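Please read the structure below before turning to the comments.
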Amino acid sequence: MLERRHYWRYVSFSEIAELYASRLLRIFGVSMVSIFVAIYLYQNGYGLTFIAFFFAAYYVFRALTSYPFAYVIARIGPKHATLLSNFLYIPAMLFLVTLPEWGIYAILGFAFFQSISLSLYDMAYLVDFSKVKHDEHAGREIGYMHMLEQIARGSSPFIGGFLAYWFGPQVTLFVAAGIFLLSALPLFFTAEPVRTHQSITFHGIPWKRIRHPMLAYAADGWDTIASSLLWSLFVAIAILGTTSNTIYAQLGVLASLTMVTGIMSGKVFGMIVDRTKGKQLLNVGVIGNSLIHLTRPLVATPLGVVLVNVLNELATTAYILPFTKGFFALADDLPGYRIAFMSIMNASASLGAAVLCAIVGVLSLFFDESVALQITYMVTAVAVLGILTHRFPALNSGRFKL
């Protein structure tokens, strides 16, 4: 039935299902450990200043890899790039397991393999999805994918948190590495969905058309890290404490409580986007998200954390669905520059995250760790408004009517 309604896909429905199965397994593995990595470093004696500057350098490196990875994806295709990135994530997890013994060498090994894995995957997924989406139903498709991702993102921190609580964080890292191995298996049964050995160029790219999306993507990268990595650090340091492995279970439960909100909002907001209300929804979501960041420094209880998480999920979903649809539409309007454009946007998001982490590092030199994070969220409330500068033609012109 789905094949008949979505005849526009370049690959069969079974192949799409296998690709999405791989993505869901990957998201499950990433989300199982992502909100705990900074806490794991903190528990092993690395303070906020080190963690902030480390991740600032990490995201700068990710931005730099976006350029060569554009050529890698053009040559081998997004499916093979995804397969490669899944395998590269496994040593990243294994390096973290050795952190207590290897120290800084384990951190550098983790940073190298995780950064190239995530950069390669993020670009490959964007290229792949932009090729198989349908313009008239893109909002709904992005919404459905968001719902499936929320199931993985909502359940995995819960499972990963309790594994770390019962058996130690190293066991969670081993399990995540195994999940990444499993996530690669479905890709062995699918053909490459796009043409390989493509020639791409950055010469002549219309910078005037993409400069505002670049700024918006940098603000989105800033917002993503503020709502995930830094938020888990703030909750652990200022509210829950980091003295025992109980923190992993607590963070896992708090993160998983937002799953239902993400699932329901993904379906509803996806339909709104396809009814040409995407720009209004994006504006409301971004402004709401800005106000939520202003309230983060005031949170002092686990109940407050849950409330902020739920509201943040609603606001983020409200802006990210039309934002993503506008991004894909602009990529379609740049013939010959699709992969180059996506690599530039990926680099912009990484640089936005790097600037945020650098600000946290500088503030932590002059203020108490909790105060430094509180000030950061006041700055973040202003910075995320940069998403409103996107100027995506699809959202401004009311294209893609249902």
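Scan the stretch 351-375 for residues that are of a type in the set (Ser, Thr, Tyr) and at pLDDT below 95 and report the count.
Start the filter on the stretch 351-375 by keeping residues that are of a type in the set (Ser, Thr, Tyr), which leaves 364, 370.
Narrowing further to those that are at pLDDT below 95: 370.
Result for the stretch 351-375: 1.
Residues that are surrounded by 24 or more Cβ atoms within 10 Å (Cβ to Cβ) and under 19 Å from Ala218 (Cβ atoms) within the stretch 288-314 comprise Asn289, His293, listed in sequence order. Can you name the condition, by its number, that Tyr46 falls short on among (1) within 15 Å of Leu99 (Cβ to Cβ); (2) at pLDDT 90 or above; (3) in a helix (DSSP H, G or I)? Result: Tyr46 fails condition (3) only.
The set of residues from the stretch 88-116 being closer than 25 Å to Leu351 by Cβ and at pLDDT 90 or above comprises Phe95, Ile104, Ile107, Leu108, Gly109, Phe110, Ala111, Phe112, Phe113, Gln114, Ser115, Ile116. Applying the condition of being farther than 15 Å from Leu126 by Cβ and not hydrophobic (A, V, I, L, M, F, W, C) to the stretch 68-89 and asking which residue is farthest from the chain's Cα centre (by Cα) yields Arg75.
From Ile205, Ile225, grab the single residue that is modelled with pLDDT of 75 or more, touching a helix residue (DSSP H, G or I) at 6+ places or on another chain (Cβ under 9 Å) and assigned to a loop (DSSP other than H, G, I, E, B).
Working: Ile225 fails: assigned to a loop (DSSP other than H, G, I, E, B).
Only one candidate passes the filter, namely Ile205.
Identify all residues within the stretch 306-343 that are more than 16 Å from Ala74 (Cα to Cα) and either among the β-branched types (Val, Ile, Thr) or outside any helix (DSSP H, G or I) (or both); write none if there are none. Hits for the stretch 306-343 are Val306, Val308, Val310, Thr316, Thr317, Ile320, Thr324, Asp333.
The values are calculated or read from the model by the stated rules, or taken from the named source; none is laboratory data. The structure displayed is predicted, hence computed values, not measured ones. For neighbour counting, all protein chains shown are included, and Cβ atoms are generated from backbone atoms with ideal geometry for every residue, glycine included.
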